[in-house]
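Asker: Provided herewith is a single structure, encoded as structure tokens, for subsequent inquiry.
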Amino acid sequence: MSKERVQIFDTTLRDGEQVPGCKLETRQKLKIAEKLEALGVDVIEAGFPVSSPGDFKSVSEISKLVKNTSVCGLTRAVKKDIEVAAEALKPAKRPRIHTGIGTSDSHIKYKFNSTREEIIVRAREAVTYAKNFVDDVEFYAEDAGRTENEFLARVCTAAVEAGATVLNIPDTTGYCLPEEYGQKIKYLKENVKNIENVIISCHCHNDLGLATANAIAAIRNGARQVECTINGIGERAGNTALEEVIMILRQHPDLNFTTNLNPKLLFELSNLVSREMGMVVQPNKAIVGANAFAHSSGIHQDGVIKNRETYEIIDPADVGVTESAIILTARSGRAALAYKAKIMGYELTKLQLDIVYATFLSYADVKKEVADTDLHEIMDLSFKNRASA
């Protein structure tokens, strides 16, 4: 059975850049955009053109740079926003305008001081106006996660009738549970007229730590585009992490989905985004964290040394990591010590290993990690003490 393709919409340069202190200059955005295209993402959301001259310039310059990937500009359901985005996207070979409006009762009442019927009218008008400038128009229903499904279906129907090519169903506040969000996508599949003619997109936030789980639930229920960011960066607790989604789909072939991405570039791109944004990746971050392929427990180390698959479900090389890391600590066993010693040029007999291990433990109980330089000292001290005895 052929696999269904899931499109990857990267919003690192728009939603990701909204993190306080992570504002990027155009030259930095261009550097990341070039790598995103090499990675194989389907859409790059390059910015929010009307928000500032800098964002307008970035979207325009990325539109000139990118050759095969769609370039997207965000707007509100406001004519001026749409006009400015269309102007910024003029150089793009595959331009997309991303327009929309809040649909939850909270947004309608407190943000817009409006009514449900007026929101439907504004949604339809925004998509209709955007279609005057580009063929590819994505409509977002902000706070769809907390929007009542029947009304959400009505808004989406209006957007489709107006010419939207993609329907974005954001869990803007990261509130939904996976089964709830998946059922929302399923409901829209079954209740929006002509839904088969558009792509359903999921855009999940990580406020409750469920962004990736929600994205996978959406895919399994009919979404065919995932909006995500490198390293899961984004407002508040962040967005769905791109690297997590594509590796889940890759490691679970029974799901029968695929992407166009080259995962071997993930680690390099993760580091680039981290450097340019000045935002450190947490060490235990899945896929790209410093500890994602590091082992310090003796039981785990012994297993990995014998066969990597005992404790690693992903080959580090698949995501661009050179190799697994064996970290020597007080929890490490003889197997790990012998393995590291051999790499450093020490071929130890069983008796020698026992002697070195005793010295090693005295070091390891004091230090959090035993470095390579420490290991040289341990060897010298072990055999010096043995000679004097």
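Asker: Efficiency by 1/(1 + (r/R0)^6): what FRET value for residue 384 and residue 279, r their Cβ-Cβ distance, R0 = 45 Å, to the nearest 0.05? Don't skip to the end; give the middle numbers.
Answerer: On the way: r = 46 Å, r/R0 = 1.03.
So, using R0 = 45 Å, E works out to roughly 0.45.
Asker: So what is the relative contact order of the stretch 141-228, in percent, for Cα pairs below 8 Å that sit 6 or more residues apart?
Answerer: Relative contact order of the stretch 141-228: 32 percent.
Asker: Which FRET efficiency, nearest 0.05, do residue 254 and residue 286 yield, Cβ-Cβ r, R0 25 Å?
Answerer: Here the calculated transfer efficiency is 0.80.
Asker: Treat each spin label as a single point 7 Å out from the Cα along the C-beta direction, and report the residue 308 to residue 264 distance in nm.
Answerer: Taking the simple label geometry, residue 308 and residue 264 are separated by 1.3 nm.
Asker: Rounded to the nearest 0.05, what FRET efficiency do residue 110 and residue 79 give with R0 = 41 Å and r taken as the Cβ-Cβ distance? Could you check?
Answerer: Step by step, r from the Cβ atoms, then E = 0.95.
Asker: Further question: 5 Å is the cut-off here: which amide hydrogens, built 1.01 Å from N in the peptide plane, fall below it relative to residue 5, excluding neighbours closer than 5 in sequence?
Answerer: Under 5 Å from the amide H of residue 5: 258.
Asker: Whole-Hz Karplus ³J(HN,Hα) for the stretch 184-192, in order, using 6.51 cos²θ - 1.76 cosθ + 1.60 and θ = phi - 60°, x for Gly and Pro?
Answerer: Listing the rounded values in order: 5, 4, 4, 4, 5, 4, 8, 10, 9 Hz.
Asker: Something else now. Of [x] 22.9; [y] 21.9; [z] 21.0, which is the value of Kirkwood radius over Cα pairs in Å derived from the coordinates here?
Answerer: Correct label, based on the coordinates given: [x].
Asker: Give a residue-ordered list of calculated ³J(HN,Hα) values for the stretch 275-283 (Karplus: 6.51 cos²θ - 1.76 cosθ + 1.60, θ = phi - 60°; whole Hz; x for Gly, Pro).
Answerer: For the stretch 275-283, the Karplus curve yields 5, 5, 8, x, 10, 5, 7, 4, x Hz.
Asker: Ignoring ligands, DNA and RNA, what percent of the 1.4 Å accessible area of the chain is carbon and sulfur? Before the final figure, lay out each step's value.
Answerer: Details: 8950 of 17730 Å².
Result for the chain: 50 percent of the exposed heavy-atom area is carbon or sulfur.
Asker: May I pose another question? If each residue of separation counts as 0.36 nm, what is the full-extension length gain between residue 133 and residue 3 once their alpha-carbon separation is subtracted? Walk me through the numbers on the way to the answer.
Answerer: Values: separation 130, 0.36 × 130 = 46.80 nm, distance 3.37 nm.
Extending this stretch completely gives an extra 43.4 nm.
The values are calculated or read from the model by the stated rules, or taken from the named source; none is laboratory data. It should be emphasised that the depicted structure is a prediction, and the values quoted were computed from it without experimental measurement. Neighbour counts run over all protein chains shown; Cβ positions are idealised from the backbone, glycine included. In case anyone asks, the SASA skips ligands and DNA or RNA and just uses the protein heavy atoms, side chains included. Shrake-Rupley method; radii C 1.70, N 1.55, O 1.52, S 1.80 Å.
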